[in-house]
1. Name the residue from B:Leu64, B:Leu24, B:Trp12 whose Cα lies farthest towards the positive end of the charge dipole of the range B:10-115, charges +1 on Cβ of Lys and Arg and -1 on Cβ of Asp and Glu.
2. Per DSSP H run of at least 4 residues, take -39500 (n - 2.57); add these up for chain B, divide by its residues and hand me the 222 nm value, nearest 500 deg cm²/dmol.
3. Return the loop-located trypsin sites (Lys or Arg not before Pro) in the range A:5-105 (DSSP other than H, G, I, E, B) with at most 12 other Cβ atoms within 10 Å of their own Cβ; answer none if there are none.
4. So what are the three principal axis dimensions of the protein assembly as shown from its Cα atoms, in whole Å, longest to shortest?
5. Sort out for me the Cα centre separation of the range A:12-56 from the range B:23-59, rounded to whole Å.
6. Report, in debye and to the nearest 20, how large the dipole of the range B:10-115 comes out about its Cα centre when Lys and Arg carry +1 and Asp and Glu carry -1 on their Cβ.
7. What's the magnitude of the charge dipole for the protein assembly as shown around its Cα centre, counting Lys and Arg as +1 and Asp and Glu as -1 at the beta-carbon? Answer in Debye, nearest 20.
8. Could you work out the relative contact order of chain B? I mean the mean sequence separation of Cα pairs under 8 Å and 6+ apart, divided by the number of residues, in percent.
There are 2 protein chains.
Amino acid sequence: MYAAPSVVGKHWIYDLQGGNRDLLNDEDFVKEALSGAATAADATLLSISSKKFEPQGVTAVALLAESHLSLHSWPEYGYAAIDAFTCGDRTDPQKACDYLRKAFEGTHGSIRILKRVCPNISLLQLQGVVP
Amino acid sequence: MYAAPSVVGKHWIYDLQGGNRDLLNDEDFVKEALSGAATAADATLLSISSKKFEPQGVTAVALLAESHLSLHSWPEYGYAAIDAFTCGDRTDPQKACDYLRKAFEGTHGSIRILKRVCPNISLLQLQGVVP
């Protein structure tokens, strides 16, 4: 019997454009926004690490119980490369992206949606597995 | 004149399979492996955050001066969802993936290669920009 590859994670690849340059350059705001995005996605935030670059730019990653959120900003172009990668049925990476778009006042951008797949896992086995 | 969208980041999406279950469940080993992968990719490691789950599984993210590496493991299936996202001409996310495949003794898997693009940036502007 053929067993379809099992999806273990939902990975949203979001290139945000037209964002507010000051906010994208504000390390504290970026960390607060990632925390809010984790809540919006119904994920559990474990920790956030970040770094502010000179003359501009912030990079930050939020570790989740359900994988991670990341944001790397180029404030001078109103741009941020965002990842929202979550596992489990409950979490919704789309909501994290929506939250971040509003927080950074993004006017446009693109989202690519990936499924992270482990063909070795049957759907039955996957039930209840949270890494 | 048409200006082609500019690539700001190289993002390798690596689903590693057939890995060593003990190593994939060893938080210290995962952190060491991410550190080694950053060096292999010629990237600058800023910090690593991680979490060990019970009964199994490790999640870890390495913040780089050139974006991030992440790894979320399901040791019971010999599987890890790995991201190697780097900016700049010098860094090579393929080398990070190769390093991690060897470190975790992965026998197979899949890599999807994404370009992270900000259409607002001209190639001329991009030169020398490291977030």
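FYI, it's all coordinate maths here, none of it is from the lab. Worth saying up front: this structure is predicted, and the values here are computed from it rather than measured. Note: ideal-geometry Cβ built from the backbone for every residue, glycine included; neighbour counts use all protein chains shown.
1. Positive-end residue among those listed: B:Trp12.
2. -7000 deg cm²/dmol
3. For trypsin sites (Lys or Arg not before Pro) across the range A:5-105 that sit outside H, G, I, E and B with at most 12 neighbouring Cβ atoms in 10 Å, the list reads A:Arg90.
4. 54, 35, 34
5. 22
6. Roughly 280 debye, rounded to the nearest 20.
7. 540
8. Relative contact order of chain B: 40 percent.
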